[in-house]
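Enquirer: Quick one: structure below, then a few questions.
The values are calculated or read from the model by the stated rules, or taken from the named source; none is laboratory data. These numbers were taken from a predicted model, which means no experiment stands behind them. Neighbour counts run over all protein chains shown; Cβ positions are idealised from the backbone, glycine included.
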Amino acid sequence: MRYINKQRFVKASQTIVEQTGGTDPGGGTGGSEIQLTNRSAQILESGDVVIIEKNNPLSVTTTNLYYSEDVIGVVKTGGGIGQLVTIQTSGIADIKMTVFPVNIGDNIYTGDVHGRGYASSSSWPGTFAKALESKPNAILGTVKALLSGGVPEVY
């Protein structure tokens, strides 16, 4: 099992964001990207959280189930149903979040709203990112977060 020193992680993450203006330390645009087909029932937009669509190869969809371990990443360039969308799988990304609060260092999971992340300080399977910014309660919005790489963790 891996253990992360939360205070060190948050400090390092804040430094990365400050020094790079919110991009990757290498000066990139936010990490690895892939293109997959949108098989959700909605137009996907930048910041939407997507999971593997298990009935169609090379495809993604959204979920409204908490703690899904099927997260691929976050939409970088959106598109309509059946169109290719660009998915960011690692690096720093803007993630659409539910109305619940987000604190720096929180783990980000899928939540009960299609395409939106849910933050918690608890560690559960299904974490796909770490929050680098805060967001108050009762407000929809996005937060910058460090994606964990687009592959489910094994416990």
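Enquirer: Looking only at segment 89-98, decide whether some residue is modelled with pLDDT of 95 or more, surrounded by fewer than 17 Cβ atoms within 10 Å (Cβ to Cβ) and over 12 Å from the mean Cα position of the chain (by Cα).
Expert: no
Enquirer: Okay, moving on. Which ones in segment 120-144 are touching a Gly at 6+ places or on another chain (Cβ under 8 Å) and over 22 Å from GLY31 (Cα atoms)?
Expert: Of everything in segment 120-144, those that are touching a Gly at 6+ places or on another chain (Cβ under 8 Å) and over 22 Å from GLY31 (Cα atoms) turn out to be SER121, LYS135.
Enquirer: Let me ask something additional. What are the residues in segment 99-130 that are assigned to a strand (DSSP E or B) and basic (Lys, Arg), if any?
Expert: LYS130 - this is the single residue of segment 99-130 that is assigned to a strand (DSSP E or B) and basic (Lys, Arg).
Enquirer: Continuing with this model, one more query. Mind listing whichever residues of segment 58-75 are part of a loop (DSSP other than H, G, I, E, B) and under 19 Å from LYS135 (Cβ atoms)? I'd like the intermediate steps shown before the answer.
Expert: First, the residues of segment 58-75 that are part of a loop (DSSP other than H, G, I, E, B): 58, 62-70.
Within segment 58-75, just TYR66 meets the criteria.
Enquirer: Could you list, in sequence order, the residues of segment 76-93 that are among the β-branched types (Val, Ile, Thr) and not in a strand (DSSP E or B)?
Expert: Once the filter is applied, which keeps residues that are among the β-branched types (Val, Ile, Thr) and not in a strand (DSSP E or B), segment 76-93 yields ILE81, THR89.
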